[in-house]
Amino acid sequence: MSALSDNLVTFAILAYLVAMIGHAVEYALGNARTRVAAAAPVRELVGAGGGVVPTPPAPVPSSPAADRSAARARLAGLIGVGATAVAAALHLAALVTRGLAADRMPWGNMYEFVLTVTFIGVAAWLVVLWKRPSLRKLGLFLTLVMVLLVATAELVLYVPIVPLVPALNSYWFVIHVSTIVFASGIFLFGAVPAVGFLMRSGYEQGKRSFPYTLAKRLPGAASLERLTFSLHAFAFPIFTFAVIAGAIWAEAAWGRPWGWDPKETWAFISWVVYAGYLHARATPSVKRNVATWIAVVGFLTVLMNLFGVNIFFTGLHSYGGLD
């Protein structure tokens, strides 16, 4: 069962790669739109009062080549979405088989944690995409993140299945870790439209240097900003509960609710930064791009807590599984 899980992760990475290529093709081709003949002669009608009423120029249908390009772009985008759904199914199957092989929830080390967080992120993306198909072009950036993180988990963070350390054998393991994983997955997804908004906002302001040109075909900045806020507003209370549950578990396991352990410290830093983002977002005098930068910094603190703390620090939460 463990070998099956490993193989499913490999196939999921390949499926995410196919999805990324599909979205990249759609992004490159763009959308062919009906063009308006600005130079076409304007017909004039005589109004009832004798005045001349100009009529707007008639739209000129796009060329056959543009129609073919638009059709190919749409097909590539749909392939990207389908491949993402297949990858998510393989991803979920890998987690389930890993849990069955370990006879526990698959959250006992960095490898398993990253796999679960990334699955939550892509599942949230598919739900949002189902409700708002206009956001499909974000799929290029989302699948890029999936390829990078899942491949890193498979190639760098992988460890064989081992029993949980004694401190994790508690019902709080499910309560605390499930909520921290869920919130982290939503924060992961939320970072994608946040970065997209910063690029698109700059592009709409006339900036044409890199990386703003990457946002040429993204949805409007206002739409991306609203999605960023919605995701963070949804995840933050869950993250808050996870931190509180962790403190209760620490009291039961170690006799104290808080000890400024490196992972506790960085969890608190993440909480403060995300609270600062929500406060800034609700403050009319704070510009949207400033608030969004705070959200991006918040996700960087989450990455630091996940990778940096487990790799470079030691403490009571050192369960990464890496030597």
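The values are calculated or read from the model by the stated rules, or taken from the named source; none is laboratory data. These numbers were taken from a predicted model, which means no experiment stands behind them. Note: ideal-geometry Cβ built from the backbone for every residue, glycine included; neighbour counts use all protein chains shown. For the accessible areas, the whole protein counts, side chains as well, though only heavy atoms, and no ligand, DNA or RNA atoms are used. Shrake-Rupley method; radii C 1.70, N 1.55, O 1.52, S 1.80 Å.
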Pairs, first touching a residue at least 40 places away in the same chain (Cβ under 8 Å) and more than 24 Å from residue 140 (Cβ to Cβ) in the range 1-24, second open to solvent by 60 Å² or more (accessible area, probe 1.4 Å) and not in a loop (DSSP other than H, G, I, E, B), C-beta under 6 Å, six or more apart | 1/100
Does residue 233 meet the test of being open to solvent by 30 Å² or more (accessible area, probe 1.4 Å) and either β-branched (Val, Ile, Thr) or within 25 Å of the chain's Cα centre (by Cα) (or both)?
-> yes
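Specify which of the listed residues (132, 136, 72) is at pLDDT 90 or above, open to solvent by 60 Å² or more (accessible area, probe 1.4 Å), among the basic types (Lys, Arg) and over 30 Å from residue 6 (Cβ atoms).
132
Any chance the range 236-244 includes a residue that's among the aliphatic types (A, V, I, L, M), more than 24 Å from residue 24 (Cβ to Cβ), without any contact (Cβ under 8 Å) to a residue 12 or more places away in the chain and open to solvent by 20 Å² or more (accessible area, probe 1.4 Å)? It would help to see each step written out before you state the result.
Taking the range 236-244 first, the residues among the aliphatic types (A, V, I, L, M) are 238, 242-244.
Applying the additional criterion that residues be more than 24 Å from residue 24 (Cβ to Cβ) yields 238, 242-244.
Narrowing the set further to residues that are without any contact (Cβ under 8 Å) to a residue 12 or more places away in the chain leaves 244.
Keeping just the survivors that are open to solvent by 20 Å² or more (accessible area, probe 1.4 Å) gives 244.
Yes: one or more hits.
Tally time: how many residues in the range 253-285 are among the polar types (S, T, N, Q), within 26 Å of the chain's Cα centre (by Cα) and not in a helix (DSSP H, G or I)?
Here the count works out to 1.
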Mind checking whether some residue in the range 236-247 is at pLDDT 90 or above and under 15 Å from residue 138 (Cα atoms)?
-> no
In the range 96-107, residue modelled with the highest pLDDT [restricted to those that are within 13 Å of residue 178 (Cβ to Cβ) and surrounded by 21 or more Cβ atoms within 10 Å (Cβ to Cβ)] | 106
Within the range 184-215, work out how many residues are free of Cβ contacts under 8 Å to residues at least 60 places away in the same chain and open to solvent by 30 Å² or more (accessible area, probe 1.4 Å).
-> 13
Enumerate the pairs (first residue in the range 113-140 and within 16 Å of residue 196 (Cβ to Cβ); second residue anywhere and open to solvent by 30 Å² or more (accessible area, probe 1.4 Å) and of a type in the set (D, E, K, R)) with beta-carbon separation below 8 Å, excluding pairs fewer than 6 apart on the same chain, so at least 6 apart or on different chains.
-> 129/136; 137/217
